[in-house]
Amino acid sequence: MTPSPEVIGLIAGGRQFPLLVARGVKAAGNTLVAAAFSGHSNLDVAAEADVFRELKLGQLGKLIDFFKQHGVTRVVMAGTIDKPKAMDLRHLDLRALKLVFRRKGKGDDALLRLLSREFEAEGMPVVPAHLYMPDLLTPEGVLSRRAPDERELSDIRFAVRVARTLGRLDIGQCVVVREGIVAAVEALEGTDVTIERGCALGGPGCVVVKVFKPGQEERVDLPSIGPDTVRAMARGQAVCLAVEAGKSLFFDREEALAEADKAGIAVYGFSGDLGLEQENA
């Protein structure tokens with residue numbers, strides 16, 4: 001259920017997600033105040049916004065002032081950001097520097113939680129971007145023409161345990177496994193490169209799993225998949241993709257599933273109560 005119409009501040013990153021969110025915000029009757037970062041954001045958002053401003057990455061003070069000036073009441077964050085560049089201290093303003101040095105944890109989630117609190121302290125609570133695009137959430141169950149076989153389900157169970165254990169340390173969202181052996185774990189390189197590396201090491205028949213990390217900041221950082229994910233798997237001859245239902249985003253679902261069916265890849269939306277965390281018999 002979307003909230004009553006108000007002034008929404010959108011922090012737009014790259015790719016299509018911020019554009020979809022912008023349209024969802026406007027379709028709900030809200031005023032959209034959008035900010036983008038030079039060289040990092042999808043600037044098509046500007047055409048959807050009532051007010052738009054392009055900033056340099058790291059200008060947190062100017063971003064907050066911009067939102068306050070235009071009466072933003074809620075903030076949403078959507079889209080990809082180059083994290084190493086976003087953390088380059090040379091590009092951060094004083095407010096962003098204070099935020100970075102104040103964090104106790106060293107992972108992505110620790111910083112995102114602090115960033116959310118920074119907006120909340122200014123009277124602008126952060127809400128999930130998918131609130132305005134609920135159809136993007138991954139549904140539960142077998143989504144492809146082919147269901148995972150027993151070997152693939154066994155690898156899914158194993159990969160979920162591995163991913164959630166690593167997730168507690170704020171490491172990655174994606175794990176590539178084959179026959180109960182970990183071939184790759186996601187770091188800063190992103191899902192597609194992780195899949196490429198994992199398939200190169202594990203060989204044909206790999207299973208790819210993406211999970212919602214325990215304690216993850218779900219308002220701003222859900223796992224996501226789409227056609228590019230499936231194409232990377234097809235190139236590496238991976239056979240199964242499993243993602244957490246209701247806690248991940250599935251972009252261009254129809255196109256991605258068509259690609260999966262063409263390549264014979266099983267796509268499965270799992271939930272935590274289906275016994276996937278249990279040890280194999």
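G105: modelled with pLDDT under 85 and either assigned to a strand (DSSP E or B) or over 22 Å from G14 (Cβ atoms) (or both), yes or no? Taking the combined requirement at face value, the residue satisfies it. Within the span defined as the stretch 156-177, one or more residues are of a type in the set (F, W, Y) and in a helix (DSSP H, G or I). Checked against (1) in a loop (DSSP other than H, G, I, E, B); (2) of a type in the set (D, E); (3) touching a Ser or Thr at 6+ places or on another chain (Cβ under 9 Å), D221 passes all but condition (3). Consider only pairs whose beta carbons are under 7 Å apart and that are at least six residues apart or on different chains; among these, list those whose first residue lies in the stretch 35-49 and is assigned by TED's automatic domain parsing to the domain that holds A22 and charged (D, E, K, R) and whose second residue is surrounded by 23 or more Cβ atoms within 10 Å (Cβ to Cβ) and outside any strand (DSSP E or B). Partner pairs satisfying both residue conditions: E48/A22.
Filtering the stretch 224-252 to residues that are over 10 Å from I195 (Cβ atoms) and part of a strand (DSSP E or B) leaves S224, I225, C240, A242, V243, E244, L249, F250. The criterion of being modelled with pLDDT of 85 or more and either of a type in the set (D, E) or assigned to a helix (DSSP H, G or I) (or both) holds for K68.
Within the stretch 181-199, if we keep just the residues that are among the acidic types (D, E) and part of a loop (DSSP other than H, G, I, E, B), the residue that is surrounded by the fewest Cβ atoms within 10 Å (Cβ to Cβ) turns out to be E189.
Number of residues in the stretch 139-180 that are closer than 18 Å to G236 by Cβ and more than 17 Å from the chain's Cα centre (by Cα) equals 12. Please work out which residue is surrounded by the fewest Cβ atoms within 10 Å (Cβ to Cβ), limiting yourself to the stretch 120-152 and to residues that are assigned to a helix (DSSP H, G or I) and without any contact (Cβ under 8 Å) to a residue 60 or more places away in the chain. Residue satisfying both the conditions and the ranking: E150.
The values are calculated or read from the model by the stated rules, or taken from the named source; none is laboratory data. Every value quoted in this text rests on a predicted model; they were computed, and no experiment measured them. Glycine also receives a Cβ, built like all others from the backbone with ideal geometry; neighbour counts cover every protein chain displayed.
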